[in-house]
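Participant: Attaching a single structure in structure tokens format; questions to follow.
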Amino acid sequence: MVPHVSQGGRYDRLYEQFDQNTSAVGLAFDVDTLAKHMVAEPEPEKICILATPATHAVAEQFRTEIDEQVVDIQYELRNKSVYQKIYQVVEENSQYKVVEK
């Protein structure tokens, strides 16, 4: 049996009580029934990229390459336990690259 998750109808005559001739419709959802049938999605992975003002653009470019995760760019790591992965922008051979810490 499929549960009812919404109800609604026309309420044209409701406005007649207020001496108005207006058409109206209404719709309501049963939030409890909807919630029972929702599937929780897994929490996205949280990633931190450590950068400096000079390397922020490199970190931002790396961030665009990461899909479906929460990515923060920070200049100072305040709470390491929040993140599943931590990357850092480093300079090597006069070029910047992003490495996992």
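The values are calculated or read from the model by the stated rules, or taken from the named source; none is laboratory data. Model, not experiment: these values are computed from the prediction. Methodologically, a virtual Cβ is constructed for each residue, glycine included, from the backbone with ideal geometry; neighbour enumeration extends over all protein chains shown.
Participant: Consider D67 carefully, then state whether it is in a loop (DSSP other than H, G, I, E, B) and of a type outside the set (G, A, S). Outline the logic, then answer.
Facilitator: Numbers: in a loop (DSSP other than H, G, I, E, B): yes; of a type outside the set (G, A, S): yes.
Spelling it out, D67 is indeed in a loop (DSSP other than H, G, I, E, B) and of a type outside the set (G, A, S).
Participant: Further, regarding this structure: Might you check whether a residue that is among the charged types (D, E, K, R), in a helix (DSSP H, G or I) and either touching a Cys at 6+ places or on another chain (Cβ under 9 Å) or closer than 30 Å to V70 by Cα (or both) occurs anywhere in the stretch 26-38? Let's see the steps before the verdict.
Facilitator: Narrowing the stretch 26-38 to residues among the charged types (D, E, K, R): 30, 32, 36.
Adding the requirement that they be in a helix (DSSP H, G or I) leaves 32, 36.
When the remaining residues are screened for being either touching a Cys at 6+ places or on another chain (Cβ under 9 Å) or closer than 30 Å to V70 by Cα (or both), the result is 32, 36.
Taking every residue of the stretch 26-38 in turn, at least one turns out to be among the charged types (D, E, K, R), in a helix (DSSP H, G or I) and either touching a Cys at 6+ places or on another chain (Cβ under 9 Å) or closer than 30 Å to V70 by Cα (or both).
Participant: Scan the stretch 29-39 and tell me whether some residue there is out of contact with any strand residue (DSSP E or B) (no Cβ under 6 Å at 6 or more places or on another chain) and farther than 30 Å from V5 by Cβ. Step through it out loud before you land on a result.
Facilitator: The initial filter retains those residues of the stretch 29-39 that are out of contact with any strand residue (DSSP E or B) (no Cβ under 6 Å at 6 or more places or on another chain), namely 30-39.
Those left that are additionally farther than 30 Å from V5 by Cβ: none.
No: zero hits.
Participant: Let me ask something additional. Surrounded by 10 or more Cβ atoms within 10 Å (Cβ to Cβ), of a type outside the set (V, I, T) and either assigned to a loop (DSSP other than H, G, I, E, B) or in contact (Cβ under 8 Å) with a residue 60 or more places away in the chain (or both): does that describe L77?
Facilitator: Working: surrounded by 10 or more Cβ atoms within 10 Å (Cβ to Cβ): yes; of a type outside the set (V, I, T): yes; either assigned to a loop (DSSP other than H, G, I, E, B) or in contact (Cβ under 8 Å) with a residue 60 or more places away in the chain (or both): yes.
Considered against the rule, which asks whether it is surrounded by 10 or more Cβ atoms within 10 Å (Cβ to Cβ), of a type outside the set (V, I, T) and either assigned to a loop (DSSP other than H, G, I, E, B) or in contact (Cβ under 8 Å) with a residue 60 or more places away in the chain (or both), L77 comes out as yes.
Participant: Further question: Starting from residues that are over 34 Å from the mean Cα position of the chain (by Cα) and among the acidic types (D, E), keep the ones in the stretch 1-60 and report whichever is modelled with the highest pLDDT. Please lay out each step first, then the result.
Facilitator: Residues of the stretch 1-60 that are over 34 Å from the mean Cα position of the chain (by Cα), as a first pass: 10-24.
With the extra rule that they be among the acidic types (D, E), the set shrinks to 12, 16, 19.
Working: D12: 83, E16: 85, D19: 89.
The selected residue is D19.
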